[in-house]
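Report on the following structure.
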Amino acid sequence: MTNLSDDCVVSREENSVWKMYKFKEQSLQAQGWKIHISATLDNAEQILQKVSNILVERKVHFKHLASGPYILSDKCWKNSNVYYRYGGFAMIFNEQGELCIKDENGELLVDERVPYYHFFC
């Protein structure tokens with residue numbers, strides 16, 4: 001990508017399929033709505049460039065996959081290449097070591113990663 005600002009930190013954890021983009025002055029929320037944009041091998045670079053331009057301009061943390069598979073747990077927005085779901089951004093674990101998000105009262109709910117769209121908020 002050619003549009004990265006000086007305050008953008010790019011990272012990739014060892015053995016991870018994700019390449020992460022974060023901004024120094026922006027804190028990462030623990031959870032919230034996520035969107036996923038799908039692409040084909042023919043248009044993946046073009047779509048990534050267009051979407052990243054918007055996200056970098058607004059200093060929104062984002063990540064992308066090297067291979068871009070279909071995300072089974074997400075819901076398609078109006079028959080498009082945009083997918084969404086509510087889930088965790090930060091890793092929050094309960095006492096059993098399960099990945100969680102918080103409900104509106106701050107109680108931990110297991111952030112289930114199932115192979116279909118699952119709305120639980």
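The values are calculated or read from the model by the stated rules, or taken from the named source; none is laboratory data. As the structure is a prediction and not an experimental result, all values here were calculated from the model. Glycine gets a Cβ as well: all are built from the backbone with ideal geometry, and neighbour counts include every protein chain shown.
Tabulated results
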{"item": "Residues located in the range 1-44, provided they are of a type outside the set (A, V, I, L, M), in a loop (DSSP other than H, G, I, E, B) and either over 28 Å from R113 (Cβ atoms) or touching a Cys at 6+ places or on another chain (Cβ under 7 Å) (or both)", "result": "T2, N3, S5, D6, D7, K24, E25, D42"}
{"item": "Sole residue being surrounded by 15 or more Cβ atoms within 10 Å (Cβ to Cβ) and modelled with pLDDT under 85, chosen from S52, S80, S73, S67", "result": "S73"}
{"item": "The range 80-118, subset part of a loop (DSSP other than H, G, I, E, B) and under 14 Å from I35 (Cα atoms), residue farthest from the chain's Cα centre (by Cα)", "result": "S80"}
{"item": "Any hit, the range 94-107, residues being hydrophobic (A, V, I, L, M, F, W, C), surrounded by 14 or more Cβ atoms within 10 Å (Cβ to Cβ) and touching a His at 6+ places or on another chain (Cβ under 9 Å)", "result": "no"}
{"item": "Residue within the range 45-65 that is more than 12 Å from the chain's Cα centre (by Cα), among the small types (G, A, S) and assigned to a helix (DSSP H, G or I) present", "result": "yes"}
{"item": "Selection from the range 21-34 of residues that are more than 11 Å from V60 (Cα to Cα) and either modelled with pLDDT under 85 or surrounded by 14 or more Cβ atoms within 10 Å (Cβ to Cβ) (or both)", "result": "Q31, K34"}
